[in-house]
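Trainee: Quick one: this structure, given as structure tokens, is what I'll be asking you about.
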Amino acid sequence: MKDLAALIRQQALDLGFSAARFAALPDVWAASERLQVFVEAGFHGDMTWMEETLERRKHPQNMWSGAQSALVLGYNYGPDSDPLTLLAETDTANISVYARGDDYHDLIKKKLKQLATWIVGQTGCELKVFVDTAPLMEKPLAALAGLGWQGKHTNLVSREFGSWLFLGVILLDRVIESDTPERDHCGSCQACLEACPTDAFEGPYRLDARKCLSYLTIEFRGPWPEPFRHAMGNRIYGCDDCLAACPWNKFASATHEIKLQAREGFEGLKLADLAGLDDPSFRTLFSKSPIKRIGRDSFLRNVHYALGNHFKNSGNIETKAVLLRSLRDESAIVRGAAVWALKQGVSAMDFAEMRAQYASSETDKAVQEEWQA
């Protein structure tokens, strides 16, 4: 079995994976208890699928009773520069590193299927392939397999790749010699917790997703609580702050995978330009990107909140013109965000005049509340 593990690992590396390690599935798994506490505390917010799939998610064998071991694979997506530097460019869209290239789901799933086909051809075993779309706790499995450990920000940290590993899993119906789990190397460091712009951590290893910008920009569909709108800065899709703050990134390297590298122009997208996207242009711009999954309206909501932060600091007359146009947007969630954004950079008298001009024709209750707030 040891030789088989080595052969599989080499095949995975040949396919472009950065790391491949095995874990036997434990009878008792502490990760299931942590998940139960997370959901019972309501930290999952509107992600109701976490409640609905809780029992299956608690242990890999709850999802597939035939699973005996897990092959956990890491794929490096390290950036070529510090993603935190973009926070200073308040008129520019700050997109999470993982979403600046093509959708990693498509890339990694294709490679996982290639590896799975090879394994079946060599062994005749049964297996199942997963990449972040099924009720499977990949990060605890990765720690069990020794790819890294779950840091105080709950994400995986690797001694070799820092914070920048996508994870994929192949469950197999046979026992393969396990690799050694990685111990926690966080020590007394709290850099990730202190870096969070919304104070989303209740403490080490305890994330309240309802306060997390990744949740708010991607999963949440309604108007945000106002404090988070200010705290987001220009982060319009995801947030890398806790990942980028980790000292272990000093050992990380930039990805060599072209499809995961930032698309040309993605690091210089202007918020004002994005604010005017209609649905076809949104779909064209973000074709093959994970950003397309959240839809145009949620994306433009995020953009307008960020524009409000820029407008507050700049008072830019061109930004005001963009926001005024957005008051006529077909989407209520976008119109509401535009109202809030305008309020950040105009005087109370000017805002009252705008309210008199626009609010009377507004039919959506939530947008009316933005005018009255």
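The values are calculated or read from the model by the stated rules, or taken from the named source; none is laboratory data. No experiment lies behind these values; they were computed from the predicted model shown. In this analysis, Cβ positions are derived from the backbone assuming ideal geometry, glycine residues included, and neighbour counts consider all displayed protein chains.
Trainee: So which of Phe43, Phe22, Phe38 is aromatic (Phe, Trp, Tyr), within 21 Å of Glu160 (Cα to Cα) and in contact with a helix residue (DSSP H, G or I) (Cβ under 9 Å, 6 or more places away or on another chain)? Before the answer, list the steps.
Mentor: Numbers: Phe43 fails: within 21 Å of Glu160 (Cα to Cα); Phe38 fails: within 21 Å of Glu160 (Cα to Cα).
The unique qualifying residue is Phe22.
Trainee: Ok, one more. With the structure loaded, tell me whether Cys239 is under 20 Å from Arg293 (Cβ atoms), without any contact (Cβ under 8 Å) to a residue 40 or more places away in the chain and crowded, with 20+ Cβ neighbours inside 10 Å or whether it fails that test.
Mentor: Details: under 20 Å from Arg293 (Cβ atoms): yes; without any contact (Cβ under 8 Å) to a residue 40 or more places away in the chain: no; crowded, with 20+ Cβ neighbours inside 10 Å: yes.
No; evaluated as a whole, the condition is false for this residue.
Trainee: Can you run down the residue pairs with Cβ atoms below 8 Å, 6 or more apart or on separate chains, where the first is in region 127-144 and over 15 Å from Leu35 (Cβ atoms) and the partner is aliphatic (A, V, I, L, M) and in a loop (DSSP other than H, G, I, E, B)?
Mentor: Sorted first by the residue in region 127-144, then by its partner, the pairs are Lys128/Ala67; Phe130/Leu136.
Trainee: Take Thr117 and tell me if it is under 29 Å from Glu177 (Cβ atoms), β-branched (Val, Ile, Thr) and surrounded by fewer than 20 Cβ atoms within 10 Å (Cβ to Cβ).
Mentor: On the way: under 29 Å from Glu177 (Cβ atoms): yes; β-branched (Val, Ile, Thr): yes; surrounded by fewer than 20 Cβ atoms within 10 Å (Cβ to Cβ): yes.
Spelling it out, Thr117 is indeed under 29 Å from Glu177 (Cβ atoms), β-branched (Val, Ile, Thr) and surrounded by fewer than 20 Cβ atoms within 10 Å (Cβ to Cβ).
Trainee: Would you mind finding the one in Leu327, Leu323 that is surrounded by 14 or more Cβ atoms within 10 Å (Cβ to Cβ) and touching a residue at least 40 places away in the same chain (Cβ under 8 Å)?
Mentor: Numbers: Leu327 fails: touching a residue at least 40 places away in the same chain (Cβ under 8 Å).
Answer to the check: Leu323.
Trainee: Go through (1) more than 25 Å from Glu89 (Cα to Cα); (2) touching a helix residue (DSSP H, G or I) at 6+ places or on another chain (Cβ under 6 Å); (3) among the basic types (Lys, Arg) one by one and return the number of the condition Lys312 breaks.
Mentor: Failed condition: (1).
Trainee: Please enumerate the residues belonging to region 186-229 that are farther than 26 Å from Thr85 by Cβ, out of contact with any Gly (no Cβ under 8 Å at 6 or more places or on another chain) and basic (Lys, Arg).
Mentor: Within region 186-229, Arg206, Arg221 meet the criteria.
Trainee: Something else: Restricting attention to region 294-312, and to residues there that are in contact (Cβ under 8 Å) with a residue 60 or more places away in the chain and not polar (S, T, N, Q), which single residue is surrounded by the fewest Cβ atoms within 10 Å (Cβ to Cβ)? Quick ask: steps written out before the conclusion?
Mentor: Pass one, region 294-312, residues in contact (Cβ under 8 Å) with a residue 60 or more places away in the chain: 294, 298-299, 301-303, 305-306, 308-310.
Next cut, not polar (S, T, N, Q) only: 294, 299, 301, 303, 305-306, 308, 310.
Values: Ile294: 18, Phe299: 24, Arg301: 30, Val303: 29, Tyr305: 28, Ala306: 27, Gly308: 24, His310: 23.
Going through the qualifying residues, I end up with Ile294.
Trainee: OK, next. Hey, could you check region 84-109 for residues that are in a helix (DSSP H, G or I) and not aliphatic (A, V, I, L, M) and say which is surrounded by the fewest Cβ atoms within 10 Å (Cβ to Cβ)? Before the answer, list the steps.
Mentor: First, pick out the residues of region 84-109 that are in a helix (DSSP H, G or I): 84-88, 97-99, 104-109.
This time we only want the ones that are not aliphatic (A, V, I, L, M), so: 85, 98, 104-106, 109.
Values: Thr85: 11, Tyr98: 19, Tyr104: 21, His105: 15, Asp106: 13, Lys109: 17.
Among those that are in a helix (DSSP H, G or I) and not aliphatic (A, V, I, L, M), it is Thr85.
Trainee: Just the residues that are surrounded by 18 or more Cβ atoms within 10 Å (Cβ to Cβ) and over 21 Å from Arg9 (Cβ atoms), please, taken from region 179-190. Quick ask: steps written out before the conclusion?
Mentor: Step one: list which residues in region 179-190 are surrounded by 18 or more Cβ atoms within 10 Å (Cβ to Cβ), which gives 179, 182, 186.
Cys186 - this is the single residue of region 179-190 that is surrounded by 18 or more Cβ atoms within 10 Å (Cβ to Cβ) and over 21 Å from Arg9 (Cβ atoms).
Trainee: Examine region 121-141 for a residue that is among the hydroxyl-bearing types (Ser, Thr, Tyr), in contact with a Lys or Arg (Cβ under 9 Å, 6 or more places away or on another chain) and within 18 Å of Ala19 (Cα to Cα), and state whether such a residue exists. Break it down stepwise before answering.
Mentor: Step one: list which residues in region 121-141 are among the hydroxyl-bearing types (Ser, Thr, Tyr), which gives 123, 133.
Adding the requirement that they be in contact with a Lys or Arg (Cβ under 9 Å, 6 or more places away or on another chain) leaves 123, 133.
In the following step, the residues that additionally are within 18 Å of Ala19 (Cα to Cα) were identified as none.
Within region 121-141, none of the residues are among the hydroxyl-bearing types (Ser, Thr, Tyr), in contact with a Lys or Arg (Cβ under 9 Å, 6 or more places away or on another chain) and within 18 Å of Ala19 (Cα to Cα).
Trainee: Also: Inspect region 114-130 for any residue being in contact with a helix residue (DSSP H, G or I) (Cβ under 8 Å, 6 or more places away or on another chain), hydrophobic (A, V, I, L, M, F, W, C) and farther than 16 Å from Ala12 by Cα and give the result as yes or no.
Mentor: Yes, region 114-130 has at least one match.
Trainee: Pull up region 355-373, narrow it to residues that are of a type in the set (A, V, I, L, M, F, W, C) and buried (at least 18 other Cβ atoms within 10 Å of the Cβ), then point me to the one that is nearest to Pro280 (Cα to Cα). It would help to see each step written out before you state the result.
Mentor: Quick first cut of region 355-373, residues of a type in the set (A, V, I, L, M, F, W, C) only: 356, 359, 366-367, 371, 373.
Next cut, buried (at least 18 other Cβ atoms within 10 Å of the Cβ) only: 367, 371.
Values: Val367: 24, Trp371: 29 Å.
So, considering only residues that are of a type in the set (A, V, I, L, M, F, W, C) and buried (at least 18 other Cβ atoms within 10 Å of the Cβ), the one nearest to Pro280 (Cα to Cα) is Val367.
Trainee: Can you find a residue in region 65-73 that is under 27 Å from Leu15 (Cα atoms), hydroxyl-bearing (Ser, Thr, Tyr), at pLDDT below 95 and not in a loop (DSSP other than H, G, I, E, B)? Walk me through it before giving the result.
Mentor: First pass over region 65-73, keeping only residues under 27 Å from Leu15 (Cα atoms): 66-73.
Next cut, hydroxyl-bearing (Ser, Thr, Tyr) only: 69.
So of that shortlist, the ones also at pLDDT below 95 come out as none.
Checked region 65-73: no residue is under 27 Å from Leu15 (Cα atoms), hydroxyl-bearing (Ser, Thr, Tyr), at pLDDT below 95 and not in a loop (DSSP other than H, G, I, E, B).
For (1) under 27 Å from the mean Cα position of the chain (by Cα); (2) more than 18 Å from Ala116 (Cβ to Cβ); (3) small (Gly, Ala, Ser), each residue gets a yes or a no:
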position: Ile8; (1), (2), (3): no, no, no
position: Ala12; (1), (2), (3): yes, no, yes
position: Gly16; (1), (2), (3): yes, no, yes
position: Ala19; (1), (2), (3): yes, no, yes
position: Glu33; (1), (2), (3): yes, yes, no
position: Thr53; (1), (2), (3): yes, yes, no
position: Arg57; (1), (2), (3): yes, yes, no
position: Pro60; (1), (2), (3): yes, no, no
position: Met63; (1), (2), (3): yes, no, no
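Trainee: Counting only residues that are farther than 16 Å from Asp278 by Cβ and touching a Leu at 6+ places or on another chain (Cβ under 7 Å), how many does region 325-338 have?
Mentor: Count: 0.
Condition check ((1) surrounded by 15 or more Cβ atoms within 10 Å (Cβ to Cβ); (2) of a type in the set (A, V, I, L, M, F, W, C); (3) touching a Cys at 6+ places or on another chain (Cβ under 7 Å); (4) assigned to a helix (DSSP H, G or I)) across all residues:
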{"site": "Leu4", "(1), (2), (3), (4)": "yes, yes, no, yes"}
{"site": "Ile8", "(1), (2), (3), (4)": "yes, yes, no, yes"}
{"site": "Gln11", "(1), (2), (3), (4)": "yes, no, no, yes"}
{"site": "Arg21", "(1), (2), (3), (4)": "yes, no, no, no"}
{"site": "Asp27", "(1), (2), (3), (4)": "no, no, no, no"}
{"site": "Ser32", "(1), (2), (3), (4)": "yes, no, no, yes"}
{"site": "Gln36", "(1), (2), (3), (4)": "no, no, no, yes"}
{"site": "Gly45", "(1), (2), (3), (4)": "yes, no, no, no"}
{"site": "Met50", "(1), (2), (3), (4)": "yes, yes, no, yes"}
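Trainee: Right, something else. Given the criteria within 23 Å of the chain's Cα centre (by Cα) and without any contact (Cβ under 8 Å) to a residue 24 or more places away in the chain, does Ala200 qualify?
Mentor: Details: within 23 Å of the chain's Cα centre (by Cα): yes; without any contact (Cβ under 8 Å) to a residue 24 or more places away in the chain: yes.
Judged against the criteria, Ala200 is a match.
Trainee: Would you mind stating whether Thr217 is in contact (Cβ under 8 Å) with a residue 40 or more places away in the chain and buried (at least 19 other Cβ atoms within 10 Å of the Cβ)?
Mentor: yes
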